[in-house]
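The values are calculated or read from the model by the stated rules, or taken from the named source; none is laboratory data. Quantities reported herein were computed from a predicted structural model and do not represent experimental measurements. Positions of Cβ are generated from backbone atoms using ideal geometry, with glycine treated the same way; all protein chains shown enter the neighbour counts.
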Amino acid sequence: MEQKITSLKRTARVTGLLYLIMILTSVYAHVYVPLQIFVKGDAVATTRNILANEFLFRTCIVVSLIETIIFLFLVLNLYQLFKGVNNHLARLMVALVAVQIPVAFVLGTLKLTSLLILKNELSFTVPPSELPNLAMLFLETTRNGNTILALSGGLWLFPFGLLVYKSRFIPRIFGVLLVSAGTGYIAGSLLSMLLPGYTQPQVLPFIFFGVGEISIVLWLLIKGAKDYVSIEVIAETKTTIRPSIVKIKEYTE
């Protein structure tokens, strides 16, 4: 039993570390670099910044792909952590993340293509004066793709939040916060698609992100798991126990 609790805590902390790395890469690729390069409503200035900061733009693409790969490993760790709580919800969580992976790689390809267009390194004939507009078309497609991707990004937090709520080895409040964050992401994405003139306040995503996801990351890193373990998790020990939630003595690593 002690080994099972120790393994649960270790998995939780590794999951928290992966989540933290994903957050850092996400902030770099989707916040820091765009603030340095993109000029709203000015395609010429944006394309000029891309060419002047080509390496920075390329790092944005690479880091974004690294973020996607870490996201996949993160959800697989979450599956290991929560499959004993509710296997159907855990599988749904993995599926909602898995559908995002190829989309993210396509968006990365579009970003790289926009750079190659600006450098006129693709084998098609386009007047030089049209290159910025064509590159911005690819970049706008990427932006719109990220808006749609935010929809899936919100959906996966629902099974994740429910699993946290049901687990009893993580405080239920974090499950509520995750579901709230998912609702906020979905609402913002839908409003952007349904209302052409809608401009989402920049602070809102950070509120949902900070309250919902940062909080669970800190808990996983610092605490790992509480001294409550579901019967499904313990069942692997082949011990006959009543099908309920039991409290056992907390073991430290």
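Observations
- On inspection, LEU122 does not qualify as touching a residue at least 24 places away in the same chain (Cβ under 8 Å) and touching a helix residue (DSSP H, G or I) at 6+ places or on another chain (Cβ under 8 Å).
- Which numbered condition GLU67 fails, given (1) acidic (Asp, Glu); (2) modelled with pLDDT under 90; (3) closer than 30 Å to TRP219 by Cα: (2)
- In the stretch 131-173, residue nearest to LEU72 (Cα to Cα) [restricted to those that are surrounded by fewer than 22 Cβ atoms within 10 Å (Cβ to Cβ) and among the aromatic types (Phe, Trp, Tyr)]: PHE158
- Of all the listed residues (LEU81, LEU96, LEU92, LEU74), the sole one being under 25 Å from LEU17 (Cβ atoms) and surrounded by fewer than 19 Cβ atoms within 10 Å (Cβ to Cβ) is LEU92.
- Listed by position, the helices (runs of 4 or more DSSP H) contained in the stretch 1-94 that have at least 3 residues being in contact (Cβ under 8 Å) with a residue 40 or more places away in the chain and more than 30 Å from LYS166 (Cβ to Cβ) are 43-52, 54-82.
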